[in-house]
Amino acid sequence: MRHLFLLRHAKADKAMEDQDDFDRPLASRGMRDADRLARVLPAQRLPPLDLVLCSSARRTWETCERVAPALSPKSVVAEEGLYATSASALLSRLRLLEDSLQTVLVVGHNPSLEEVTRLLVGQPLPDTFSPGTLAVLEVNQRPWAELAHARLVNFLHPRDFADFS
């Protein structure tokens, strides 16, 4: 069984007047949410990660640095193409994954993450895909090039673990 984790970056600061959207850092709340998610993940009994694909935008990278270590990734790769990508482009990228990979985390942006999750699951999601939300999917298709369906096994929204210290 393969697993695909889709994590929307945590809450980001509003862009400064002369700041590019790409360079927006995490807000204080985003840092807290990402840290809480990292503390919650070990209790979820998720398999270790073979690969983390992370948008190279600052807020996604900061989220990744806080969350990914809780899942013991073998490899973390920043990909500029994951920033401002469409759902179809994201799905195409996932279909290019090496078949040896069993567990992959994508740290990215909406609306592409939410759209890909809904497309793969084939039904409405249990909640909004707010900043800091993680969808855990089981994938039966082999190879990755045939990725078309998945089963949603967990959907962690930041408010679900807001009281977790």
(message) Quick check: the angle from helix 58-67's long axis to the longest principal axis of the chain, C-alpha only, nearest 10 degrees?
(response) 70 degrees
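State the antiparallel share, in %, of DSSP beta bridges confined to region 1-157, rounding to the nearest 5. Walk me through the numbers before you get to the answer.
Details: 12 of 26 bridges.
Antiparallel bridges: around 45 percent, rounded to the nearest 5.
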(message) How long are the semi-axes of the equivalent ellipsoid of region 1-69, taking √(5λ) for every eigenvalue λ of the Cα gyration tensor, in whole Å from largest down?
(response) 25, 14, 7
(message) Leaving out ligands, DNA and RNA, and with a 1.4 Å probe, what % of the accessible surface on region 41-165 is carbon or sulfur?
(response) 50 percent
(request) Of the options A68, H109, S88, report the single residue whose Cα projects farthest towards the positive end of the charge dipole of region 48-138 (beta-carbon charges: Lys, Arg +1; Asp, Glu -1). (result) H109
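Given that compact globular proteins tend to follow 2.2 N^0.38 Å, what is the ratio of the alpha-carbon Rg of region 25-100 to that value?
On the way: Rg = 13.3 Å, N = 76, 2.2 N^0.38 = 11.4 Å.
Taking the Cα Rg and dividing by 2.2 N^0.38 Å, one obtains 1.17.
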(request) Calculate, for region 95-165, the solvent-accessible area per residue in square angstrom, rolling a 1.4 angstrom probe over the heavy atoms of the protein chains. (result) 48 Å²
(message) Between region 54-73 and region 91-165, what is the separation of their alpha carbon centroids in Å?
(response) 15 Å
(request) Collect residues whose amide H, placed 1.01 Å from N in the peptide plane, falls under 5 Å from the amide H of T133; neighbours closer than 5 in sequence don't count. (result) R8
(message) Could you put F22, F5 in order of accessible surface area, largest first, with the 1.4 Å probe and the full protein assembly present?
(response) F22, F5
(request) Read phi for every residue in region 29-37 and hand back ³J(HN,Hα) as whole Hz from Karplus 6.51 cos²θ - 1.76 cosθ + 1.60, θ = phi - 60°, with x for Gly and Pro. (result) 4, x, 4, 4, 4, 5, 5, 5, 4
(request) Could you list which residues have their amide H under 5 Å from that of L26, counting only those 5 or more apart in sequence or on another chain, with H placed in the peptide plane? (result) D13
(request) Step through the residues of region 144-160 one at a time and calculate ³J(HN,Hα) from phi using the Karplus curve (6.51 cos²θ - 1.76 cosθ + 1.60, θ = phi - 60°), rounding each to whole Hz and writing x for Gly and Pro. (result) 4, 4, 9, 3, 9, 9, 7, 10, 6, 10, 7, 9, 9, 9, x, 5, 5
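Sorting H149, H109 by accessible area (1.4 Å probe), largest first, what list results? Spell out each step's value before the answer.
Working: H149 115, H109 15 Å².
Final ranking, largest accessible area leading: H149, H109.
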(request) Work out the length of the dipole vector of region 76-117 about its Cα centre, built from +1 on the beta-carbon of each Lys and Arg and -1 on the beta-carbon of each Asp and Glu, and round it to the nearest 20 debye. (result) 40 debye
(request) Let me know the charge dipole size of the chain about its Cα centre in debye, to the nearest 20, where only the beta-carbon of Lys, Arg (+1) and Asp, Glu (-1) is charged. (result) 520 debye
(message) Along each principal axis of its Cα atoms, how long is the chain end to end? Whole angstroms, biggest number first, please.
(response) 45, 34, 32
(message) Could you sort D21, D33 by their accessible area in this structure, using a 1.4 Å probe and putting the largest first?
(response) D21, D33
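The values are calculated or read from the model by the stated rules, or taken from the named source; none is laboratory data. As the structure is a prediction and not an experimental result, all values here were calculated from the model. Cβ atoms come from the backbone with ideal geometry, glycine included; neighbour counts cover every protein chain shown. To get the accessible areas, we keep the full protein, side chains included, count just its heavy atoms, and leave off ligands, DNA and RNA. Shrake-Rupley method; radii C 1.70, N 1.55, O 1.52, S 1.80 Å.
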